[in-house]
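Student: Handing you this structure, nothing more for now.
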Amino acid sequence: MNEQIRAREVRLVGPEGEQVGIVPLERALQLAADVDLDLVEVAPMARPPVCKLMDFGKFKYESALKAREARRNQQQTVIKEMKLRPKIDPHDYETKKGHVVRFLKAGDKVKVTIMFRGREQSRPELGYRLLRRLESEITDLGYVEAAPKQDGRNMIMVLAPHRAVKASAVAATASRGGPRDRAAEESAAPVDGAAPAAGETAAAGEAGPTAAPSGQ
């Protein structure tokens, strides 16, 4: 910036973004002094380097404000997990569906896992049918981001909230004036679809068990 620039000549950009052209460094510094602005390198690796006339103090202040606002509006997407058995009891199904609905309303994705055991592994259509039923019953809140697929002895489907639902969850969080609760943050998983951490299953289970319910 200013006298710290070592190039002999620079490609100068005016304060409003107008192209001044290639000028000697001394000329660029003089122009900056004439309008009481700083000469700032914005593309030091270019040949010649690109410099712009600006109020550097104001620029840093505005950049800090934008970064703070971005952090305030940021909400980390987490993946919750809900486990079901292919022959789940109707009451247990409704209970676990309620958890899925709650997670989606909170703006979270949900990894739904159907666990097959023993002879159930020869009946994958049972799990597929159950996942499709769940999908049809939460269409107002979310959609299938990852279609059902077999993964060893399990069948997995990922649900994600609709954009409007997620936006509503973000707005609700912002209105409370604070970040999401610590337990939810600790259960966070990457958005790229990586497997949830151990804490996620616990998070899903805080409202109901994730293991196979009795009586199935």
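The values are calculated or read from the model by the stated rules, or taken from the named source; none is laboratory data. Because the structure is a prediction, the values reported are computed rather than measured. To get the accessible areas, we keep the full protein, side chains included, count just its heavy atoms, and leave off ligands, DNA and RNA. Shrake-Rupley method; radii C 1.70, N 1.55, O 1.52, S 1.80 Å.
Student: Please work out the Cα center distance from the stretch 85-156 to the stretch 2-78, rounded to the nearest Å.
Tutor: 53 Å
Student: To the nearest 10 Å², what's Glu41's accessible area with a 1.4 Å probe?
Tutor: 70 Å²
Student: Next up: Binning at 10 Å from 0, report for the stretch 82-139 what percent of all alpha-carbon pair distances ends up in each bin.
Tutor: Bin by bin from 0 Å, the calculated values are 22, 55, 20, 2.
Student: On to the next question. How long are the semi-axes of the ellipsoid equivalent to the stretch 1-147, from square roots of 5 times the Cα gyration tensor eigenvalues, in whole Å, largest first?
Tutor: 64, 17, 11
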